[in-house]
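Since the structure comes first, as structure tokens, the remarks are kept for the end.
Just so you know, all these numbers are worked out from the coordinates, no wet-lab data involved. Computed from a predicted structure; not experimentally measured. No Cβ is skipped: glycine too gets one built from the backbone with ideal geometry, and neighbour counts run over all protein chains shown.
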Amino acid sequence: MTRWQWLLAQFTRRLWVRSALFSLLGALTALVAIWLKPFIPPALSVRIGADAVDNVLGIMASSMLAVTTFSLGAMVSAYAAAATGVTPRATMLLLQDTKAQNALSTFIGAFLFSIVGIVALSTGVYGGEGRAVLFIATIAVIALVVVTLLRWIEYLSRLGRLGETTRRVEEAAAEALRERRRKPHLGALPPPAGGMPEGVPILASETGYLQHLDVAALDKLAQAAGGRIDVLVLPGAFVARESILARSSRRLEEEQLGAVQKAFSIGDMRSFDQDPRFGLSVLAEIASRALSPAVNDPGTAIDVIGRAVRILSIWAGEGADEAPACRHVTVPGLDEHDLLDDVFTPLARDGAALVEVGIRVQKALAILAAAGSGRLTPAALRHAELAAARAVAALTFEPDRRAVVELSARVRAAAKLGD
């Protein structure tokens, strides 16, 4: 995905954009009757009373305003519940939810349709035939609103709930990791062997998180300069102003250097799109909150462990990598130890005193140690030992300690079977 495609995707995910498009569509639907009235037979317009459309549009305008206000209040409450009961990092997924945006936009569009229709009727531009077209369009809009409202009521029962929000985080993390599994180096070549690449440093223009990397743009710039660009940081990394983002094997002109810096999109927050580790970190936050003394919900932590196994199994799975399309750029790959650090270190730390969490962590690591091609095996073995050591230090009941230690030994056995 290029930088402009990513920016367009970020723009279209905003609530007001979808609402504005639906509002425009609603207004145009009300006005299209003016152009269609020459095609309506006079007999049809006579059958529809002059006041029928006026009354229906008035009822729709008042009711849609109330429904829109109620829906906004319900969405704000759901976002607040997710921020306080799950994690604030998950609210961005709720804000970008297309189902909620479509429902609210439909109600706003129906309201605008009614208002424009009432105003146009008061001016007399429709005529009898235009009223017939508007009446038919009104019936269609009512049917759309009824279907949307029924689906919206069902959807509101899940919006902002812990299980629903956790599922969204899992889907976002799985999608990002699946894309990275297909392109381990974001479509570029792996870094050259032999240590840190040398060349002209490319510095960050601001401080923040690297949200998106436009590898295709870097490839074009490197090809035009007749050299190679070695990227040193991955999306999700926190970079300081004037820190080194990449190195170029050729000296770049001022204009080229500015274009290279624009390929690194830096913002205030991490993004799920190119950063699968962010999804895993958010899942770990959900589990840590559940394991806090104030919440004391080990069941949610166990649920997160299962979701983490599903996500990481994508990375451990078999399959050929896609051939690099950008051969003038190198990008480092994900570190398997980092992937497991993001989710299992907080889980093992905060759940060390709970034997049920310790047992589930060891079972999950045994699955990952034997999964797929074995690329997660060293990291899984290391975390099994660390988690067992934390559990032994925190647990006070000797049988619980033995249970965790025995399962840790099974992780090593599972790794040997996987080999």
Quiz item: In a GNM of the chain with a 10 Å cut-off on Cα contacts, which of Gly117, Gly160, Gly258 has the highest mean-square fluctuation?
Solution: Gly258
Quiz item: How much net charge surrounds Glu170 when only the other residues with a Cβ under 9 Å from the Cβ of Glu170 are counted, with Lys and Arg +1 and Asp and Glu -1?
Solution: +3
Quiz prompt | Local net charge near Gly195, Cβ-Cβ under 13 Å (Lys/Arg +1, Asp/Glu -1) | solution = -1
Exercise. Step through the residues of region 230-241 one at a time and calculate ³J(HN,Hα) from phi using the Karplus curve (6.51 cos²θ - 1.76 cosθ + 1.60, θ = phi - 60°), rounding each to whole Hz and writing x for Gly and Pro.
Key: 9, 6, 10, 10, 9, x, x, 6, 8, 10, 9, 4
Quiz item: Roughly what would the spin-label model give for Ala9 and Ala323, points 7 Å off Cα along C-beta, in nm?
Solution: 2.4
Exercise. In debye, nearest 20, what is the charge dipole magnitude of the chain about its Cα centre with +1 on Lys and Arg Cβ and -1 on Asp and Glu Cβ, if you could check?
Key: 440
Exercise. Give a residue-ordered list of calculated ³J(HN,Hα) values for region 343-359 (Karplus: 6.51 cos²θ - 1.76 cosθ + 1.60, θ = phi - 60°; whole Hz; x for Gly, Pro).
Key: 10, 8, 5, x, 5, 5, 5, 7, x, 4, 8, 10, 5, 5, 6, x, 5
Quiz prompt | Hz values of 3J(HN,Hα) by residue in region 213-220 - Karplus curve (6.51, -1.76, 1.60), Gly and Pro given as x | solution = 10, 8, 5, 4, 5, 4, 5, 5
Exercise. Binning at 20 Å from 0, report for the chain what percent of all alpha-carbon pair distances ends up in each bin.
Key: 22, 40, 28, 10, 1
Practice problem: May I ask you to derive the relative contact order of region 186-267, considering only C-alpha pairs under 8 Å and at least 6 residues apart, and to give it as an integer percent? | Solution: 45
Quiz item: What net charge do the residues around Leu365 carry, taking every other residue with its C-beta under 11 Å from that of Leu365, with Lys and Arg at +1 and Asp and Glu at -1?
Solution: +4
Quiz item: If amide H atoms are built 1.01 Å from N in the plane of the peptide, which residues on other chains or at least 5 residues away come under 5 Å of the amide H of Leu203?
Solution: Leu245
Quiz prompt | Residues Leu407, Leu31 arranged by fewest to most Cβ contacts within 10 Å | solution = Leu31, Leu407
Quiz item: What is the distance, in nm, between label points placed 7 Å from the Cα along the Cα-to-Cβ direction at Arg412 and at Asp338?
Solution: 2.9
Practice problem: Scan region 141-205 for GluC sites (Glu not before Pro) in coil per DSSP, keeping those whose Cβ has at most 16 other Cβ atoms within 10 Å, and list them by number. | Solution: Glu198
Quiz prompt | Helix-only CD estimate at 222 nm, as mean residue ellipticity for the chain, using -39500 (n - 2.57) per DSSP H run (n ≥ 4) | solution = -22500 deg cm²/dmol
Quiz item: Based on the Cα gyration tensor of region 3-160, what are the three equivalent ellipsoid semi-axes, each the root of five times an eigenvalue, rounded to whole Å and given largest first?
Solution: 36, 17, 11
Exercise. Counting other Cβ atoms within 10 Å, keep those with at most 15, restrict to DSSP loop, and tell me which trypsin sites (Lys or Arg not before Pro) in region 100-170 are left.
Key: Arg158, Arg161
Quiz prompt | region 305-400 - convex hull of alpha carbons, volume per residue in Å³ | solution = 94
Quiz item: Over region 186-267, with a single point scatterer placed on each C-alpha, what log10 of the ratio I(q)/I(0) does the Debye formula yield at q = 0.22 1/Å?
Solution: -1.07
Quiz item: When the chain is modelled as a GNM with alpha-carbon springs shorter than 10 Å, which of Ser292, Ser114, Ser408 fluctuates the most?
Solution: Ser292
Quiz prompt | Cα centroid separation - region 184-201 against region 67-128, whole Å | solution = 47
Self-check item: Projected label distance in nm at Ala20 and Ser77, using a 7 Å step from Cα toward the beta-carbon
Solution: 3.0
Quiz item: Which ordering of Leu283, Leu340 is given by a fewest-first count of other beta-carbon atoms within 10 Å?
Solution: Leu340, Leu283
Practice problem: Could you tell me the distance between the Cα centroids of region 206-278 and region 363-394, to the nearest Å? | Solution: 34
